[in-house]
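Engineer: Submitted below is the structure of interest, expressed as structure tokens.
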Amino acid sequence: STAIVNYYYTGYITLTKTDENGNSLSGVEFTVYDANGVVVAVMVTNENGIATSKAVKIYSANGTEYVVKETKGKDGYLMDTAEYTVVLKNNGETVAVNDGKAIINAKKNGQISITKESEDGKPLSGIEFTVYSDKECKNAVAVIVTGVDGKAVSTALSLGTYYVKETSTKAPFLP
């Protein structure tokens, strides 16, 4: 007697990963789960921000549903917490996550906060500070001014190293 073997249809899942400016993000890991939450594939974006799964099985003529999640982000970026559902139906087909649109990761941001006081500990308002991205303090990225409480806070800045210089003060104080 001869055994007859039936093979499942298989398909592929692909996605594109970028930052807010459309720049490709490499090294971002995504995991593909079946309906029972079992890991069926792990894929990592390449230098073009593209990841494609290994062949995954299609168990039903109506298609097989998979869930794709970002499981390892890129340093300096917020992880995408969305779950993307894809359905594979046809043998050899490649289905794009997110309807083929890039999955975008936002950069992590922070703020610079300064408190300015007089020698006797009183808050000083109206004092201007300039925030620079370079050590030479030539490339200004923000200007912040202290309020009545002596505090100044920048808008959101990408994580990194910044240099702050007091650029305007009030008499009789020296900067």
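Engineer: Using Stokes-Einstein with the Kirkwood hydrodynamic radius over Cα pairs, what translational diffusion coefficient do you get for the chain at 10 °C and a viscosity of 1.306 mPa s, in µm²/s rounded to a whole number?
Structural biologist: Approximately 79 µm²/s, per Stokes-Einstein.
Engineer: What is the set of long-range amide H partners of residue 103 at a cut-off below 5 Å, with H atoms built 1.01 Å from backbone N?
Structural biologist: Close amide H contacts, sequence-distant or interchain: 16, 17, 18.
Engineer: Applying 1/(1 + (r/R0)^6) with R0 = 45 Å to the Cβ-Cβ distance of residue 10 and residue 107, what FRET efficiency is obtained, to the nearest 0.05?
Structural biologist: Efficiency, rounded to the nearest 0.05: 0.80.
Engineer: A follow-up question, please. What does the accessible area per residue of segment 83-175 come to in Å², with a 1.4 Å probe and no ligands, DNA or RNA counted?
Structural biologist: With all protein chains present, segment 83-175 gives 64 Å² per residue.
Engineer: Explain nothing, just the number: dipole magnitude of segment 79-175 about its Cα centre with +1 on each Lys and Arg Cβ and -1 on each Asp and Glu Cβ, in debye rounded to the nearest 20.
Structural biologist: I would put it at about 120 debye.
Engineer: Report in % the part of the accessible area of segment 91-161 that belongs to carbon and sulfur, leaving out ligands and nucleic acids; probe 1.4 Å.
Structural biologist: 46
Engineer: Can you work out the FRET efficiency for the pair residue 21 and residue 163, with r the C-beta to C-beta distance and R0 = 35 Å, to the nearest 0.05?
Structural biologist: With a Förster radius of 35 Å, E is 0.90.
Engineer: I need the fraction of alpha carbon pairs in segment 1-82 separated by more than 17 Å, rounded to a whole percent.
Structural biologist: Beyond 17 Å sits 52 percent of the P(r) for segment 1-82.
Engineer: For residue 3 and residue 151, compute 0.36 nm times the residue count separating them, minus their Cα-Cα distance, and round to one decimal in nm.
Structural biologist: 45.4 nm
Engineer: Which whole-number percent is the relative contact order of segment 1-144 (Cα, under 8 Å, 6+ apart)?
Structural biologist: Taking the mean separation of contacting Cα pairs over the length of segment 1-144, I get 24 percent.
Engineer: Once the piece of chain linking residue 57 and residue 89 is laid out straight, how much longer is it, given 0.36 nm per residue of separation minus the C-alpha distance between them?
Structural biologist: 10.6 nm is the gain from fully extending residue 57 to residue 89.
Engineer: For segment 74-175, which semi-axes, largest first and in whole Å, follow from the square roots of 5 times the eigenvalues of its Cα gyration tensor?
Structural biologist: Calculated on Cα positions only, the semi-axes equal 48, 14, 9 Å.
Engineer: Got a sec to turn the phi values of segment 98-110 into Karplus ³J(HN,Hα) couplings, 6.51 cos²θ - 1.76 cosθ + 1.60 with θ = phi - 60°, whole Hz, x for Gly and Pro?
Structural biologist: 6, 6, x, 7, 4, 8, 9, 10, 7, 5, 6, 10, x
The values are calculated or read from the model by the stated rules, or taken from the named source; none is laboratory data. Source: prediction; values computed, not measured. For neighbour counting, all protein chains shown are included, and Cβ atoms are generated from backbone atoms with ideal geometry for every residue, glycine included. Note: accessible area is taken over every heavy atom of the protein model, side chains too, but ligands, DNA and RNA are not part of it. Shrake-Rupley method; radii C 1.70, N 1.55, O 1.52, S 1.80 Å.
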